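Colleague: Structure below; questions to follow.
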Amino acid sequence: MENGKNWRLFGHPSAATSALSNAIGTPVSNDVDGEITAAIFAINASSGIDQSTIELWHKFDDYLTPRILVITGFNEGLQDFDDAILLAKRVLDDVATPFLVLHDDDGTPCALIDLEKLQIMNYRNSQHTAADTEHVDLVSEFRTEYLEQLEAAGENGFASGIFFPAIPVLIDDPEFELGIDIVKKYLNSLPSFG
């Protein structure tokens with residue numbers, strides 16, 4: 001445990017848990033205890049959520065452990081990030097989507113839009129720009145829902161274990177790793193103990 005950061009990663013191997021473990025710097029686990037200071041759950045949008053992951057998620061309810069949901073595989077098949085969110089809301093919790101995926105003209109995921117700040121983070125060219133009117137209109141309903149969740153949970157909702165951000169992540173892409181920086185930002189926002 002480094003600086004009180006006893007983080008653990010949970011999920012089926014199809015969700016790239018090994019690569020995520022390396023990128024985030026936390027071990028993959030199947031054990032739940034009250035000493036874990038943050039639980040990162042990984043699911044693959046194309047594979048769905050296995051029963052073991054669902055059970056592990058709910059075991060943290062009693063501890064009010066901060067949990068973050070990482071969604072991979074949304075570029076691999078018929079299911080996308082939005083489909084994975086709907087499934088997660090049904091079997092895990094009312095996860096929040098602070099970021100949505102934007103695609104290139106060829107349909108390849110390349111950017112995220114921050115629903116709070118209405119900023120676009122293009123991972124292909126490392127540019128951060130203000131969202132244009134078209135994008136703002138496109139995400140307006142999602143933004144309203146997210147802001148309502150954020151307000152209901154309060155400023156420390158994530159750290160208190162009652163607000164569950166769901167972050168789209170592309171890992172092992174030869175060009176860029178989409179979303180890893182955001183996962184790390186959430187985790188590093190947690191207080192350190194020790």
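Colleague: Assuming R0 = 25 Å, can you tell me the calculated FRET efficiency for the pair Lys89 and Asp181, based on Cβ-Cβ distance, to the nearest 0.05? Working shown, then result.
Modeller: Working: r = 25 Å, r/R0 = 0.98.
After rounding to 0.05, the efficiency reads 0.55.
Colleague: So for segment 67-115, considering every pair of alpha-carbon atoms, how many percent are separated by more than 12 Å?
Modeller: 66 percent
Colleague: Can you compute the modelled spin-label distance between Thr129 and Ala19, with each label point 7 Å from Cα toward Cβ, in nm?
Modeller: Rounded to a tenth, the inter-label distance reads 2.7 nm.
Colleague: Under the 0.36 nm per residue contour assumption, what length would be gained going from the current alpha-carbon distance of Glu148 and Glu116 to full extension?
Modeller: That pair, Glu148 and Glu116, stretches by 10.4 nm at full extension.
Colleague: In terms of the Cα gyration tensor, with a ≥ b ≥ c the square roots of its eigenvalues, is segment 101-194 rounded because a/c is under 1.5, prolate because a/b exceeds b/c, or oblate?
Modeller: oblate
Colleague: Any idea what the relative contact order of the chain is, in percent, if you count C-alpha pairs under 8 Å spaced at least 6 apart?
Modeller: For the chain, the relative contact order is 22 percent.
Colleague: For the chain, with a Gaussian network of springs between Cα atoms less than 10 Å apart, report the residue from Phe41, Phe164, Phe176 with the top mean-square fluctuation.
Modeller: Among Phe41, Phe164, Phe176, the largest mean-square fluctuation in the Gaussian network model of the chain belongs to Phe176.
Colleague: Also, I was wondering about something else. Under the Kirkwood approximation for Rh and a Cα-based Rg, what ratio Rg/Rh is obtained for segment 6-105?
Modeller: That ratio is 0.96, to two decimals.
Colleague: On alpha-carbon atoms, Rg over Rh for the chain using Kirkwood Rh? Before the final figure, lay out each step's value.
Modeller: Values: Rg = 15.9 Å, Rh = 16.9 Å.
That ratio equals 0.94.
Colleague: With helices defined as uninterrupted DSSP H runs, which ones in the chain have an alpha carbon span along their own long axis of at least 18 Å and mean Kyte-Doolittle hydropathy of at least -0.5?
Modeller: Flagged H segments are 133-153.
Colleague: Above 15 angstrom, tally the Cα pairs of segment 155-194 and express them as a % of all pairs, no decimals.
Modeller: 51 percent
Colleague: Among Val91, Val169, Val70, which one shows the highest mean-square fluctuation when the chain is modelled as a Gaussian network with alpha-carbon springs under 10 Å?
Modeller: Answer for the Gaussian network model of the chain: Val91.
Colleague: Using a Gaussian network model of the chain with C-alpha springs under 10 Å, which one of Arg67, Arg143, Arg90 is most mobile by mean-square fluctuation?
Modeller: Arg90
Throughout, read-outs are computed from the coordinates displayed, never taken from laboratory work. Not measured: the values here are computed from a predicted model. Using ideal geometry, Cβ is built from the backbone for each residue, glycine included, and neighbour counts are taken over all protein chains shown.
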